[in-house]
Amino acid sequence: VMVADDALKEGLETIELEIVSSVDFKIAGSHILIWKIQDDDLTTIELSATSTTVTEGQDEVFSIQLDRKGDLSVPLNIEWEVEGSAERGIDVDWSIPFSVSFLPGQERLNIEFEVLDDLVAEHTESMEFHLTKSDQYQSLENSMKIEILNDDFNGLLLNEIFDYANGPVTDVSSEKGIHA
């Protein structure tokens with residue numbers, strides 16, 4: 001596939017190639033190939049990560065960095081939406097507006113949020129941070145998931161994923177620091 005430079009401000013484009021099985025053969029593994037083509041005529045916004053985890057009571061502030069590439073000569077306004085189970089004013093201090101502006105020449109913006117320690121034992125909460133679509137900029141990844149772990153349970157387990165070379169933990173003792 002040859003990509004042409006067309007000088008149009010059309011944003012991110014996607015090409016999908018799917019191999020379809022027939023009666024004569026079956027496909028093992030992935031059978032879809034996806035190419036994402038960034039527009040070099042638009043400013044590109046990149047998020048610092050697509051996911052992150054914080055713990056209330058331990059991580060007081062987390063931040064999202066927005067990096068701008070391409071034409072830096074003009075000011076640029078970025079807007080976003082947030083959804084999820086984390087509550088504003090209870091789990092996170094959400095005192096900033098839902099938009100920020102890059103000044104001419106500015107390459108990075110840092111958006112900070114305070115994680116509140118609510119003293120309530122509850123399950124992991126989450127927030128999805130989504131950049132809104134715009135004809136002024138593009139982004140390969142336009143969202144970030146933020147998980148907020150709770151620190152109010154006895155016997156706190158900060159991560160439910162165990163990845164040991166000799167297999168998962170199958171028998172856990174109730175005594176501190178002992179497992180079989």
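For region 1-131, rounded, prolate or oblate, judged on the Cα gyration tensor with a ≥ b ≥ c (square roots of eigenvalues), a/c < 1.5 rounded, else prolate if a/b > b/c?
Values: a/c = 3.51, a/b = 1.35, b/c = 2.60.
In terms of gyration-tensor shape, oblate.
Express in nm, to one decimal, how much length is gained between residue 133 and residue 1 on full extension, taking 0.36 nm for each residue of separation and deducting their alpha carbon distance.
Numbers: separation 132, 0.36 × 132 = 47.52 nm, distance 2.68 nm.
That pair, residue 133 and residue 1, stretches by 44.8 nm at full extension.
Between residue 9 and residue 101, what FRET efficiency comes out of the Förster formula 1/(1 + (r/R0)^6) with R0 = 25 Å and r the beta carbon distance, rounded to 0.05? Kindly include the intermediate steps, with their values, before the conclusion.
Working: r = 20 Å, r/R0 = 0.78.
For residue 101 and residue 9, the calculated efficiency is 0.80.
Going 7 Å from the Cα of residue 121 in the Cα-to-Cβ direction, what parts of region 48-81 have a backbone nitrogen less than 15 Å from that spot?
In region 48-81, the label zone of residue 121 (backbone N under 15 Å from the point 7 Å along Cα→Cβ) covers no residue.
Label region 1-51 by shape, choosing from rounded, prolate and oblate, from the square roots a ≥ b ≥ c of the eigenvalues of the Cα gyration tensor; if a/c is under 1.5 it is rounded, and otherwise prolate applies when a/b is larger than b/c, oblate when it is not. Numbers along the way, then the final one.
Details: a/c = 5.11, a/b = 1.84, b/c = 2.77.
Oblate, since a/c reaches 1.5 and b/c is not below a/b.
No lab work stands behind these numbers, since they all come straight from the coordinates. The structure displayed is predicted, hence computed values, not measured ones. Quick reminder, even Gly has a Cβ in these numbers, built from the backbone with ideal geometry, and neighbours come from all protein chains shown.
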